[in-house]
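Accompanying notes for the structure given below.
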Amino acid sequence: MGGGAFGGKLILVNVDSIRDYCLSLPRATEKLQWGDSLCFKVGQKVGGKIFTILGLDDPRLCFKCTPETFADLIEREDIRPAPYVGRYKWVMLDRLDALRNDELKELIRHSYEMVVVKAPGKKSGKRRASAKSGAASKKKKRG
């Protein structure tokens, strides 16, 4: 493959284009971890949740998928369950150009969206409502 077509224009999938895309997502940050892995996180800088991992020395890419997408992707050439986290539906692309550019961006975006829901610092309306109802029921019991 070598790259993906986007708007009739050939765009090479490389470390810089993936990095630029990941950092364009709201509240996304990056941190170099585990030697050569550039981890893209969302949420608080300390304790944020990783949504994409980009290997720098031996370019490769990992991201989270839905179970259906995971099953489809691991059937493709140069894509496999990610080491250590494959059981959580993370895939590893052994080559950055294993997918078309537009498809890769969409999958990274979905990974981001799945992780942002669980990221620290984002309050859930459900939690606040249940906490309030719990406090109200305690008052009723006391009074």
Checklist entry - What is the spin-label model distance, in nm, from GLU103 to ASP16 if the labels are put 7 Å beyond Cα along the C-beta direction? => result 2.6 nm
Checklist outcome for this item: Phi angles of the stretch 105-117, converted by Karplus (6.51 cos²θ - 1.76 cosθ + 1.60, θ = phi - 60°) into ³J(HN,Hα) in whole Hz with x for Gly and Pro, give 4, 4, 5, 5, 4, 5, 4, 4, 5, 5, 7, 4, 4
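Bear in mind that the values in this text are calculations on the coordinates, not laboratory data. Just so you know, these numbers come straight off a predicted model, no measurement behind them. Neighbour counts are summed over all protein chains in view; Cβ atoms, including those assigned to glycine, are modelled from backbone coordinates with ideal geometry.
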